Amino acid sequence: IVHYTKGGFTMVKYMRHIIFALAALTGLATVSLVTNDKLRDLRIKKDAVPYQFVTVKDRERQLYCMTKNIYYEAGGEPAEGKLAVAQVVLNRVESGQFADDPCKVIYQKNIVYNKVICQFSWLCEDIHKTRPVHQKLWDESYEAAKMVLLEGFRLPALKEAMYFHADYINPPQWKKVRVAKIGRHIFYKDA
């Protein structure tokens, strides 16, 4: 390599500094683009529920509530049915029409004509309080809750599903749009 000297500074050193500066700028530009993409994904949209900080204790409570709901609503269903029940809960949380926490959505009750109506049928049935838990089905329910709540897994067909019922039930005058049938459950979105 030939070293050309210009005012005590060799051209090789000069070129090395230029290459280093270009590499640094390219790296910074890449980091900036990636960061901007991630921040854009996290920005709050006008109609979105504001971000809320969730502690580990809160998340564990939510995971337990979700597991319990999946177990009692879809414990005997295939994995897709368990995931679907979990997704309905989070669809409700994200909709802004229900409570802002999975546990609050699950335990929400309404009173219609002096009758208490549970959002999820198992809450209004006393049999679940004394029935033993089938550990394998509980573990499957836990895995489904974890996938949907913690890992963000979603079934594309149910992105708007907010309601479901067993296929042997025929709710009178339900003004909902059917979106899917998974296992023994039929899923709906608002009309």
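So what is the accessible area of the range 59-109 per residue, in Å², with the probe set to 1.4 Å?
On the way: 1890 Å² over 51 residues.
It amounts to 37 Å² per residue over the range 59-109.
Taking the Cβ of Ala157 as the center, what net charge do the other residues with Cβ under 14 Å away carry, scoring Lys and Arg +1 and Asp and Glu -1?
Values: positive: Arg154, Lys159, Arg178, Lys181, Lys189; negative: Glu80, Glu160.
Local net charge: +3.
When a/c reaches 1.5 or more, the comparison of a/b and b/c decides; with that in mind, is the range 116-191 rounded, prolate or oblate per its Cα gyration tensor? Please list the in-between numbers first.
Details: a/c = 2.15, a/b = 1.16, b/c = 1.85.
Oblate.
As an exercise, use a Förster radius of 22 Å and the Cβ-Cβ distance of Ala99 and Val133 to find the FRET efficiency, rounded to the nearest 0.05.
Working: r = 26 Å, r/R0 = 1.16.
Once rounded, the FRET efficiency stands at 0.30.
In nm, what is the difference between 0.36 nm times the number of residues separating Ala166 and Lys115 and their Cα-Cα distance? Write out the running numbers ahead of the final one.
On the way: separation 51, 0.36 × 51 = 18.36 nm, distance 2.11 nm.
Stretched out fully, the Ala166 to Lys115 stretch lengthens by 16.2 nm.
Sorted by packing (mean other beta-carbon atoms within 10 Å per residue), highest first, where do 82-95, 172-185, 56-69 land? Show your work: numbers first, answer last.
Working: 82-95: 22.8, 172-185: 13.6, 56-69: 16.9.
Averaged packing, sorted descending, gives the order 82-95, 56-69, 172-185.
Between beta-carbons, use under 13 Å as the cut-off and find the net charge around Lys136, counting Lys and Arg +1, Asp and Glu -1.
Values: positive: Lys82; negative: Asp139, Glu140, Glu143.
Value of the local net charge: -2.
If you take the square roots of the eigenvalues of the alpha-carbon gyration tensor of the range 71-138 and sort them as a ≥ b ≥ c, do you get rounded (a/c under 1.5), prolate (a/b over b/c) or oblate?
Values: a/c = 2.46, a/b = 1.20, b/c = 2.04.
Oblate is the answer for the range 71-138, as a/c is 1.5 or above yet b/c matches or exceeds a/b.
By how many nm would the segment from Asp190 to Arg178 grow when fully extended, if each residue of separation counts as 0.36 nm and the alpha-carbon distance is taken off?
Numbers: separation 12, 0.36 × 12 = 4.32 nm, distance 0.89 nm.
Contour length minus the Cα-Cα distance gives 3.4 nm.
Got a sec to turn the phi values of the range 99-112 into Karplus ³J(HN,Hα) couplings, 6.51 cos²θ - 1.76 cosθ + 1.60 with θ = phi - 60°, whole Hz, x for Gly and Pro?
Working through the residues one at a time gives 5, 9, 9, x, 5, 5, 5, 5, 8, 5, 10, 10, 10, 10 Hz.
The values are calculated or read from the model by the stated rules, or taken from the named source; none is laboratory data. Not measured: the values here are computed from a predicted model. Positions of Cβ are backbone-derived with ideal geometry, glycine not excepted, and every protein chain shown enters the neighbour counts. All accessible areas refer to the heavy atoms of the entire protein, side chains included, with ligands and DNA or RNA removed. Shrake-Rupley method; radii C 1.70, N 1.55, O 1.52, S 1.80 Å.
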